[in-house]
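Okay, structure first, notes after.
The values are calculated or read from the model by the stated rules, or taken from the named source; none is laboratory data. Keep in mind the model is a prediction, meaning the values are calculated, not measured. Virtual Cβ from ideal backbone geometry, glycine too; neighbours counted across all protein chains shown.
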Amino acid sequence: MLKTILIALLPLLIFFSNGSDRSFTKINQGTQQETGTLEKMIVANGTVAMDLNLTRLNGSNLRAKESRSGALQFDVRESSFFKVLVFNGEFRGMLPSSMDLVPRSQANLPTKLRASYEQLVVESLPWGGSYELAVTDSKTGFRFFNIEGQEFQYESGSRTLDIQLGRLLISDEFAAELGRPSDAGSIVGQISVRASLQPIEVTQVDNGETTSDVLPGLGPESGTTPGPDVVVGDLSGLAQFGGSSGTQVGLAVGTDSCNYGVENLHWFANPENDHPVIPQNLYRMSGGTSNNDRFEQIGQSSVKHAFTALTNNICNLGCNGVGGANLGSGCSDPYGASLNAGPSLGSRAWINPFTGAYPRNDGATPNNSHTGHAHTGPSHRILTEIADLVPAQNPGATYYAEGQYITPHEYVWCQSHPGQCNMNNNVSYRQYSVTNSASPFTFSNVGATQRQKAALFAWVGATLVSIQPDPANDGIAYVAYKVTNPSPGVWHYEYAVYNQNLDRAIQSFSIPTGNGVTLSNVGFHAPPQHPGWAADGTVSNLGYSSTPWQPNQGGTAVSWSSEPKSLNDNANAIRWGTLYNFRFDSNRPPTTVNATVGFFKTGSPIDVQVQGPAPAVQSNVSVSGRVLKQDGTGISGAYVFLNAQLGTRRYALTNPFGYYQFDNVQSGQTYSMFATSRFYTFPAAVDVVVNDNITNRDFVALP
């Protein structure tokens, strides 16, 4: 029945095509013209119940006549953007979208489902597939259940939608995860939904013609803020544009702006310099057994100069209809990936990311000049190394596209209206996956756009610390860190320093190291820099340096730095919209320390509380144990060696019962230990971390 409804409604669906819900003024003419009120609605609130056969789901006694069931109850997160079409008070179908579920209780679920339990969504799938609805993980896109057989009931007076009798079928990927691929398609329960709806777009149609189109807001809870406030509402369409050049390719992602502010935002086109600029970035999370040990920026673009604001309602705030030279309160302005790909994109170097200031395009230093240089495929786009995208070279890696808006109007408003400063929330990100193995690369999105968050917030298990060295005059940056323990006695320290919109830039980073701390595998990572071009805003048009920061291991700290500004104005500092990584392995476990961040243009260094290697407490302890035969009896007269990393070597002789002991051993160090005997052989030497007395360091002879 729904298929018939949607076919009949096809002309109306053109209103909401192309993924950005754009409206236009005329519906396609057909043999039958529609007249009435078309409402696009979202879920204001609601409840969801899943009645699961946990016995079957957990793979226990699948043929048992009696099964243990689990009634899982959820609330629907308020104002979930699960989109429904209603025409003249009748339910007419759903648009691709999802409703977030908030669990009310816990249950004994399979490991994969339990890990995703707090982030499940009911998803309305794109038209043309085998199913209309599914239950998925909102962050990873992993599908647990397909839904079939559901019945829809809509009450127009109360704007209530009921979805009943939906059968929950194990998806192919969940069946594979459970180790039971033959269970794909098996019914494991039912789902029901009861939701209250609210309109976000109301269109009056008269004989196929649109006579009015109203975008009602969601009320005070929608989060509109004082002053102008532009954010990236959605990212879409990440793609490669042009061919490769050497080892690099150029990407771009679509960005939809949303003005969360109650004031209209200036959007004057070039040559005026009172409009937003839009940079794009690409990041990769990878490494370790869970592919999340490190988070690196692997690409950055020049900036798109905005022009001619539209009056869409993508963020469902309720657009006031103002467009053109201003982005109206609540309104949205989309730029597709192809538009953000340029090639006429301006340099970041001209722009103060906090004040939004940059030169006019008709002056002596134009902000978007392209004379005097040729364009290749990667030029000005998200410049990315091919090796960073090839799946075979990055197994298990996940990718994140990021968009940002920088605009002078927010800063000017902030100066005249203290307390209404919205310059630090203009960044959003979205996860993507690489869907082919070579250039030209293609991508597919995973989950929804994460609004008003830098991509660094996607780093699983990391701790983020914000820094604002001068909040009244400059922006914000973050130091993120994660410590792992890849093997006994070894800790890996990973740091990411992200400059969101600090004009002063970052020139140095250091971590203290104390007594007994040894480092290895000291590393650094930065994204590739675009080459210089005429009028690019860098000194002598040379572009920014790509010289890696070299580590300096002193007696009390390990530090990295670029050249200072006094030596090179184009030094490879951490400028706005970029993220650099610093890493090492250590023999010491983590403790709270103060990292030091130094700045490139101005300002004194500041300390940031992070985790770093704990210095060893100097004390003398003992190390003892036994040397044994295979049957557990002691070996007399065997030698046990205790070798320090700094070269000192000690040995002890076992007594008639196989016991040995070393006294006055300096703690906080790693020692190599092994046993020898004229009559027995022993395994190879082992590394032993000595932080306290050790009484059971035994050695057993080989058979």
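So that you can scan it fast, the table gives a plain yes or no per residue for (1) more than 22 Å from A454 (Cα to Cα); (2) hydrophobic (A, V, I, L, M, F, W, C); (3) touching a Cys at 6+ places or on another chain (Cβ under 9 Å):
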site	(1), (2), (3)
V303	no, yes, no
A309	yes, yes, yes
N313	yes, no, yes
L317	no, yes, yes
G321	yes, no, yes
G324	yes, no, no
S344	yes, no, no
Task: Unique residue being modelled with pLDDT of 90 or more, in contact with a Leu (Cβ under 7 Å, 6 or more places away or on another chain) and either under 19 Å from E118 (Cα atoms) or part of a strand (DSSP E or B) (or both) when the list is G189, G185 - done: G189
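Listed here are the residues, each with its yes/no results for (1) closer than 18 Å to N501 by Cα; (2) of a type in the set (V, I, T); (3) modelled with pLDDT under 95; (4) in contact with a Pro (Cβ under 7 Å, 6 or more places away or on another chain).
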{"position": "G342", "(1), (2), (3), (4)": "no, no, yes, no"}
{"position": "P353", "(1), (2), (3), (4)": "yes, no, no, no"}
{"position": "A364", "(1), (2), (3), (4)": "no, no, yes, no"}
{"position": "T371", "(1), (2), (3), (4)": "no, yes, yes, no"}
{"position": "T376", "(1), (2), (3), (4)": "no, yes, yes, no"}
Open item on the list: I'd like the residue in segment 65-79 that is surrounded by fewer than 21 Cβ atoms within 10 Å (Cβ to Cβ) and assigned to a strand (DSSP E or B) and, out of all such residues, is modelled with the lowest pLDDT.
Closed with: S69
Task: Residues of segment 89-114 satisfying the condition of being closer than 17 Å to I170 by Cβ and surrounded by 12 or more Cβ atoms within 10 Å (Cβ to Cβ) - done: A107, L109, P110, K112, L113, R114
Open item on the list: Looking only at segment 285-299, how many residues end up being outside any loop (DSSP other than H, G, I, E, B) and closer than 23 Å to W491 by Cβ?
Closed with: 5
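Rundown of residues vs (1) surrounded by fewer than 24 Cβ atoms within 10 Å (Cβ to Cβ); (2) under 26 Å from P343 (Cβ atoms); (3) not basic (K, R), yes/no style:
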site: L251; (1), (2), (3): no, yes, yes
site: V262; (1), (2), (3): yes, no, yes
site: F268; (1), (2), (3): yes, yes, yes
site: P276; (1), (2), (3): no, yes, yes
site: L282; (1), (2), (3): no, yes, yes
TODO: Mind listing just one residue for me: the one in segment 660-703 that is surrounded by 15 or more Cβ atoms within 10 Å (Cβ to Cβ) and among the aromatic types (F, W, Y) and, of those, farthest from K629 (Cα to Cα)?
DONE: Y671
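Residues that are surrounded by fewer than 21 Cβ atoms within 10 Å (Cβ to Cβ) and of a type in the set (A, V, I, L, M, F, W, C): find the strands (runs of 3 or more DSSP E) completely inside segment 495-577 holding 1 or more of those.
Details: elements: 506-512, 519-525, 550-553, 557-561.
Once the strands (runs of 3 or more DSSP E) in segment 495-577 are filtered for at least 1 residues that are surrounded by fewer than 21 Cβ atoms within 10 Å (Cβ to Cβ) and of a type in the set (A, V, I, L, M, F, W, C), what remains is 519-525, 557-561.
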Task: Where a residue in segment 262-277 is without any contact (Cβ under 8 Å) to a residue 60 or more places away in the chain and its partner, wherever it lies, is of a type outside the set (F, W, Y), with Cβ under 6 Å and at least six apart - done: F268/D274; F268/H275; F268/A325
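Can T670 be described as closer than 28 Å to S586 by Cα and touching an Asp or Glu at 6+ places or on another chain (Cβ under 7 Å)?
Here the answer is yes, as T670 does meet what is asked.
In the list Q450, Q431, which residue meets the criterion of being assigned by TED's automatic domain parsing to the domain that holds A252, buried (at least 19 other Cβ atoms within 10 Å of the Cβ) and without any contact (Cβ under 8 Å) to a residue 60 or more places away in the chain?
Numbers: Q431 fails: without any contact (Cβ under 8 Å) to a residue 60 or more places away in the chain.
On inspection, the qualifying residue turns out to be Q450.
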Open item on the list: For segment 350-367, which positions are surrounded by 22 or more Cβ atoms within 10 Å (Cβ to Cβ) and more than 16 Å from E272 (Cβ to Cβ)?
Closed with: P353, F354
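Answer with yes or no whether Q611 is assigned by TED's automatic domain parsing to the domain that holds R583 and modelled with pLDDT of 95 or more.
Numbers: assigned by TED's automatic domain parsing to the domain that holds R583: yes; modelled with pLDDT of 95 or more: yes.
Judged against the criteria, Q611 is a match.
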Task: Members of segment 115-169 that are more than 20 Å from R77 (Cα to Cα), surrounded by fewer than 19 Cβ atoms within 10 Å (Cβ to Cβ) and of a type in the set (D, E) - done: E148, E151, E155
Open item on the list: What's the total number of residues in segment 582-637 that are more than 22 Å from P512 (Cβ to Cβ) and assigned to a strand (DSSP E or B)?
Closed with: 10
TODO: Considering (1) closer than 17 Å to Y283 by Cβ; (2) buried (at least 20 other Cβ atoms within 10 Å of the Cβ), say which one G461 fails and leave the rest.
DONE: (2)
